[in-house]
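Asks: Here you go, one structure.
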Amino acid sequence: MNVIGILGGTFDPVHLGHVALAEAALAGLPLSEVLWIPSGSPGHRAPPVAAARDRLAMLRLAVAGNPRYRIDAAELESGAPTYTVHTLARLRAQLGNAQALVLLLGSDSFLSLPSWLRWRELFGLAHIAHASRPGHLASDGGPVPELSAEIARRSARPEQLGASAAGRVASFDMPPMAVSSSNVRADLAAGRDARHLLPAPVLAYIQSQHLYSKEIRKT
């Protein structure tokens with residue numbers, strides 16, 4: 001079965017941690033492709049700093065040349081507040097109930113899942129696969145009981161994700177990588193070297209467009 005990985009975010013900017021997550025998912029899960037979905041205005045956090053056109057341009061540069069990467073810019077172009085449950089419902093309506101979808105999450109995002117809007121509905125819309133580093137979830141105190149119960153009910157091996165359209169939880173290995181978009185923006189604003197944090201074409205674009213030189217929101 002064709003299996004589509006879903007990787008969403010503001011990508012403000014897209015950085016090497018995002019790319020590493022996508023590459024680890026492709027290596028560890030039975031995915032046909034990774035669909036990158038930049039959000040227009042995420043419902044659970046402050047609006048992005050960079051303009052939508054710039055975030056899309058940076059994302060296109062970051063994924064260029066990989067035939068297993070694809071971008072869905074529908075939410076970016078709409079600009080409306082979006083939540084993951086809405087994103088997955090839209091994709092499910094477009095692709096049908098038989099299509100296997102896998103929501104890709106970093107370990108921190110996975111642990112925060114119970115705070116997301118209508119989070120239990122996500123399991124009816126997609127599988128969830130989270131990046132795993134030895135001891136990381138335990139060192140953070142582990143999942144809350146509600147999430148632990150869902151993991152116990154839904155746990156699957158990666159190769160099982162193609163057998164159904166949604167409803168399972170799996171993990172995939174990813175090496176530690178301490179990078180976040182907020183830290184990248186802070187480094188850029190302070191004039192620090194960010195070559196080890198960003199794909200080279202993305203850094204070149206940021207420099208050419210003078211993005212993030214100050215934490216001033218672009219319109």
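Asks: Among the residues of region 138-168, which ones are touching a Leu at 6+ places or on another chain (Cβ under 9 Å), among the aliphatic types (A, V, I, L, M) and modelled with pLDDT of 95 or more?
Replies: Leu147, Leu161, Ala165, Ala166
Asks: If you check Pro158 against the conditions, is it in contact with a strand residue (DSSP E or B) (Cβ under 9 Å, 6 or more places away or on another chain) and surrounded by 13 or more Cβ atoms within 10 Å (Cβ to Cβ)? Steps first, please.
Replies: Values: in contact with a strand residue (DSSP E or B) (Cβ under 9 Å, 6 or more places away or on another chain): yes; surrounded by 13 or more Cβ atoms within 10 Å (Cβ to Cβ): yes.
When the stated conditions are applied, Pro158 passes them.
Asks: Is region 40-54 home to any residue that is closer than 28 Å to Ala163 by Cβ and either within 12 Å of the chain's Cα centre (by Cα) or among the hydroxyl-bearing types (Ser, Thr, Tyr) (or both)?
Replies: No - not one qualifying residue is present in region 40-54.
Asks: For region 1-118, please list each of the helices (runs of 4 or more DSSP H) lying entirely inside it that holds at least 3 residues being surrounded by fewer than 16 Cβ atoms within 10 Å (Cβ to Cβ) and modelled with pLDDT of 95 or more.
Replies: Because the criterion is at least 3 residues that are surrounded by fewer than 16 Cβ atoms within 10 Å (Cβ to Cβ) and modelled with pLDDT of 95 or more, the helices (runs of 4 or more DSSP H) in region 1-118 that meet it are 84-95.
Asks: Still on this structure, I have one more. Tell me yes or no: at least one residue of region 78-86 is on the phi > 0 side of the Ramachandran plot, among the small types (Gly, Ala, Ser) and touching a Ser or Thr at 6+ places or on another chain (Cβ under 8 Å). Reasoning before the result, please.
Replies: Taking region 78-86 and keeping what is on the phi > 0 side of the Ramachandran plot, we get 79.
If we keep only those that are among the small types (Gly, Ala, Ser) as well, we get 79.
Then drop every residue that is not touching a Ser or Thr at 6+ places or on another chain (Cβ under 8 Å), which leaves 79.
Taking every residue of region 78-86 in turn, at least one turns out to be on the phi > 0 side of the Ramachandran plot, among the small types (Gly, Ala, Ser) and touching a Ser or Thr at 6+ places or on another chain (Cβ under 8 Å).
Asks: On to the next question. Anything in region 146-160 that is in contact with a His (Cβ under 8 Å, 6 or more places away or on another chain) and either among the β-branched types (Val, Ile, Thr) or in a helix (DSSP H, G or I) (or both)? List them, or say none.
Replies: None; the set is empty.
Matching residues to (1) in contact with a strand residue (DSSP E or B) (Cβ under 8 Å, 6 or more places away or on another chain); (2) surrounded by fewer than 14 Cβ atoms within 10 Å (Cβ to Cβ); (3) not polar (S, T, N, Q):
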| site | (1), (2), (3) |
| --- | --- |
| Ala165 | yes, no, yes |
| Ala170 | yes, no, yes |
| Asp173 | yes, yes, yes |
| Met177 | no, no, yes |
| Ala186 | no, no, yes |
| Ala190 | no, yes, yes |
| Ala194 | no, no, yes |
| Pro199 | no, no, yes |
| Tyr205 | no, no, yes |
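The values are calculated or read from the model by the stated rules, or taken from the named source; none is laboratory data. As the structure is a prediction and not an experimental result, all values here were calculated from the model. In this analysis, Cβ positions are derived from the backbone assuming ideal geometry, glycine residues included, and neighbour counts consider all displayed protein chains.
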